[in-house]
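Enquirer: Here you go, one structure.
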Amino acid sequence: ALLNDLPYKTLATKDANASYYQQNPHLNGFKGFTLDIDDAQAKQLVKNQLLVVALDQQENLLDATRVQSPRLLDYLYTRNSLDADEANLGVNYQDGQVTAAVWAPTASQVAIKIYNVAKQEVKTQPMLVDEATGIWSYRTEKSTVDRLYYRYQLTVFHPLTSKMENLTVTDPYSVGLS
């Protein structure tokens, strides 16, 4: 059968709240689905490629589509107070320390790559994730990184290649790029 060697979860049909269709009229007429998992499980699932698959009684493939996750990410990481949308992101200086923080909830790994004034890489440091917010951070003494350059290296599923990719990117919260 199609799903024998793949991890999968079974969806149940569920009518969405009427207010959802009022906010999203383009979805009128579509059925809703639910999945019996908790937030922690959803946070792990969204780090991977997610597909919804329709099978017939003999488990033959009828249809498949990728799951669109932006609203799920908002729900998981920004619905409460003091979560991702209230955080200080980018580079912050405080009490002789520098903290670099980036919201990357779908990444499985994030590191900060630090470059000297000649823009040569001098070190790569793993960042720590806060599972509650999806924010990855690195903290160090100001004297070790002040006025140096940095980029982030993320390991993340990329929908264009349909595989996990290692990407080096600039800080989306930076005030200047070089």
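Enquirer: Restricting attention to the range 56-63, does a residue exist that is modelled with pLDDT of 90 or more, under 27 Å from residue 157 (Cβ atoms) and assigned to a strand (DSSP E or B)?
Expert: Yes: one or more hits.
Enquirer: May I ask you to say which residue of 13, 99, 65 is touching a Lys or Arg at 6+ places or on another chain (Cβ under 7 Å) and open to solvent by 50 Å² or more (accessible area, probe 1.4 Å)?
Expert: 13 is the lone residue from the list that is touching a Lys or Arg at 6+ places or on another chain (Cβ under 7 Å) and open to solvent by 50 Å² or more (accessible area, probe 1.4 Å).
Enquirer: Follow-up question, since we're still on this one. Exactly one of (1) closer than 24 Å to residue 45 by Cα; (2) open to solvent by less than 70 Å² (accessible area, probe 1.4 Å) is unmet by residue 166. Its number?
Expert: If we test residue 166 against (1) closer than 24 Å to residue 45 by Cα; (2) open to solvent by less than 70 Å² (accessible area, probe 1.4 Å), just (2) comes out false.
Enquirer: Let me ask something else about it. Would the range 79-96 turn up any residue that is surrounded by 14 or more Cβ atoms within 10 Å (Cβ to Cβ) and more than 20 Å from residue 170 (Cβ to Cβ)?
Expert: Yes - at least one qualifying residue is present in the range 79-96.
Enquirer: So, one more: Which ones in the range 129-144 are over 14 Å from residue 89 (Cα atoms) and in a strand (DSSP E or B)? Write out each step before concluding.
Expert: So in the range 129-144, the residues over 14 Å from residue 89 (Cα atoms) come out as 131-132, 140-144.
Result: 140, 141.
Enquirer: Among (1) under 24 Å from residue 155 (Cα atoms); (2) open to solvent by less than 100 Å² (accessible area, probe 1.4 Å); (3) of a type outside the set (S, T, N, Q); (4) at pLDDT below 85, there is one condition residue 43 misses while meeting the rest; what is its number?
Expert: Result: residue 43 fails condition (4) only.
Enquirer: Which number in (1) within 20 Å of residue 162 (Cβ to Cβ); (2) touching a helix residue (DSSP H, G or I) at 6+ places or on another chain (Cβ under 7 Å); (3) of a type outside the set (Asp, Glu) marks the one condition that residue 66 misses?
Expert: It fails just one condition, (2).
Enquirer: Sticking with this one: Condition check: part of a strand (DSSP E or B), surrounded by fewer than 18 Cβ atoms within 10 Å (Cβ to Cβ) and under 15 Å from the mean Cα position of the chain (by Cα). Does residue 125 satisfy that? So that I can check it myself, show each step before the final result.
Expert: On the way: part of a strand (DSSP E or B): yes; surrounded by fewer than 18 Cβ atoms within 10 Å (Cβ to Cβ): yes; under 15 Å from the mean Cα position of the chain (by Cα): no.
In short, no.
Enquirer: If you don't mind, another one. May I ask you to list the residues in the range 102-122 that are part of a strand (DSSP E or B) and open to solvent by 50 Å² or more (accessible area, probe 1.4 Å)? Outline the logic, then answer.
Expert: To start, the set of residues in the range 102-122 that are part of a strand (DSSP E or B) comprises 102-103, 107-115, 121-122.
If the condition is that a residue be part of a strand (DSSP E or B) and open to solvent by 50 Å² or more (accessible area, probe 1.4 Å), then 103, 108, 109, 121, 122 are the ones that fit.
Enquirer: Could you please find all residues in the range 145-163 being surrounded by 15 or more Cβ atoms within 10 Å (Cβ to Cβ) and either assigned to a strand (DSSP E or B) or under 15 Å from the mean Cα position of the chain (by Cα) (or both)?
Expert: As a first pass, look at the range 145-163 and keep what is surrounded by 15 or more Cβ atoms within 10 Å (Cβ to Cβ): 145, 149-157.
The answer is 149, 150, 151, 152, 153, 154, 155, 156, 157.
The values are calculated or read from the model by the stated rules, or taken from the named source; none is laboratory data. Everything numeric in this text was worked out from a predicted model, so none of it was measured. Every residue, glycine as well, gets a Cβ built from its backbone with ideal geometry; the counts of neighbours run over all protein chains shown. The protein model used for the area step is the full one, side chains on, heavy atoms only, and it has no ligands, DNA or RNA in it. Shrake-Rupley method; radii C 1.70, N 1.55, O 1.52, S 1.80 Å.
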